[in-house]
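So the structure is just underneath, and the comments pick up after that.
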Amino acid sequence: MRYFLIFSFIALVSCTQNNTNSYTTEDAEEKFIKSYPDLKIDSIDKINNSFFEILIGEQIFYLTADLNYLLAGNIIEIDSGINLTQQKIENFRISVLQTLDKKDTIIYKPKKTDHIITVFTDVSCPYCKKLHNEIPDLLENNIEVRYVLFPRNGIDDDAYMSMVSLWCSENKKDLLEIAFDGDFIDEAKCDNPLKQNLELAYSLRVNGTPMIFTETGKVIPGYVPYKQILSTLNN
């Protein structure tokens, strides 16, 4: 297969060996860690005779088979036009989202489900409220919405305590409406998934709210009108 590599930068890594076909993934990992000891590799694979593919969260790097150069960019298969880098990232997101227990989400389910979106939301976020107001339209278009409560400012924030309290109630959806309106919620405590949600968000590189993930691993950052969500899901 023919590939096209689009670079965003090239970093030179010193060369100590010459036989490019003899290097293993272990060699490549050792080389990378030696140069970047503070980065944690999630996976490393030799994708062909030219490159090792290194996954760090949602970032993908390519180390040349001779261990000389580290590349950051997109590999596109010319014959098919498939962006293999983006495909890898989307598959990674799917694998992370599959670890999410539905019991740890607040679900708005239509009568018939054509698509599922997972939304990282924060009750103190005005754009989250704006998106929340469009849930009836999403449900009407057979879109199931799964909320992951995500305290974007960490656990030392009033919004965190509000989300813990609403999670610990019997009427989560009712209290979610109250919280989005900025009204007071009686404090309650129980076992809850919010700290776990923070870890999940970190794995998915969630850096703001709302952040929407589709079932195919695509991401819609920030608020967009429901019609734009539908367009993304149906394309």
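Values in this text are rule-based calculations from the coordinates and carry no lab data. Just so it is clear, the model here is predicted, and its values are computed rather than measured. With ideal geometry, Cβ positions are generated from the backbone for all residues, glycine too; neighbour counts draw on all protein chains shown.
Structure above, values below:
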| quantity | calculated |
| --- | --- |
| Inter-part distance where region 21-75 and region 141-173 are each reduced to a Cα centre, Å | 38 Å |
| Coil-residue trypsin sites (Lys or Arg not before Pro) of region 21-106, DSSP, other Cβ within 10 Å capped at 11 | Lys40 |
| Other-chain or far-sequence residues with amide H under 5 Å of Asp42's (modelled H) | Leu55, Ile56, Gly57 |
| Linear extension gain, Asn68 paired with Ser95, 0.36 nm per residue minus alpha-carbon span | 6.6 nm |
| Mean Cα-pair separation over length for the chain, i.e. relative contact order, pairs under 8 Å, 6 or more apart, % | 18 percent |
| Helix-only mean residue ellipticity at 222 nm for the chain, each DSSP H run of n ≥ 4 adding -39500 (n - 2.57), per residue, nearest 500 | -9500 deg cm²/dmol |
| Convex hull per residue volume in Å³, alpha carbons only, for the chain | 144 Å³ |
| Estimated vicinal HN-Hα couplings, Hz - region 99-112 in sequence order (Karplus 6.51, -1.76, 1.60; Gly, Pro = x) | 7, 7, 7, 4, 5, 9, 10, 9, 10, 10, 10, x, 5, 10 |
| Neighbour-count ranking [beta-carbon atoms within 10 angstrom, fewest first] of Val123, Val224 | Val224, Val123 |
| Candidate lysines for bridging to Lys227, where Cα separation is under 30 Å - those fewer than 8 sequence places away on the same chain excluded | Lys88, Lys102, Lys103, Lys109, Lys111, Lys112, Lys129, Lys130, Lys172, Lys173, Lys218 |
| Distance between modelled label sites at Ile82 and Lys130, nm, 7 Å Cα→Cβ extension | 3.7 nm |
| Values of log10 I(q)/I(0), in the order q = 0.15, 0.16, 0.23 Å⁻¹, for region 156-235 under a Debye, Cα-only, solvent-free model | -0.70, -0.78, -1.12 |
| Fewest-first sequence of Phe32, Phe213 by Cβ atoms within 10 Å of each Cβ | Phe32, Phe213 |
| Gain upon complete extension [Asp38, Ser50; 0.36 nm per residue less C-alpha separation] | 1.8 nm |
| Global form of region 76-170, assessed from the alpha-carbon gyration tensor, a/c cut-off 1.5 | prolate |
| Of all DSSP beta bridges in region 60-208, antiparallel share, percent nearest 5 | 50 percent |
| Assigned charges on the beta-carbon of Lys, Arg, Asp, Glu; region 156-235 dipole about Cα centre (debye) | 620 debye |
| Loop-resident sites, region 118-201, for chymotrypsin sites (Phe, Trp or Tyr not before Pro), counting at most 15 other Cβ within 10 Å (DSSP) | Phe184 |
| From phi via Karplus (6.51, -1.76, 1.60), per-residue ³J(HN,Hα) for region 138-145 in Hz, x at Gly/Pro | 5, 5, 5, 9, 6, 9, 7, 10 |
| Ranked list, fewest to most other Cβ atoms within 10 Å of each Cβ, for Met163, Met211 | Met211, Met163 |
| For the chain, size of Cβ-based charge dipole, Lys and Arg +1, Asp and Glu -1, in debye | 500 debye |
| Restricting region 148-204 to trypsin sites (Lys or Arg not before Pro) in coil, as DSSP defines it, with at most 13 other Cβ within 10 Å | Lys189 |
| Alpha carbon Rg of region 29-134, scaled by the compact-globule rule 2.2 N^0.38 Å | 1.46 |
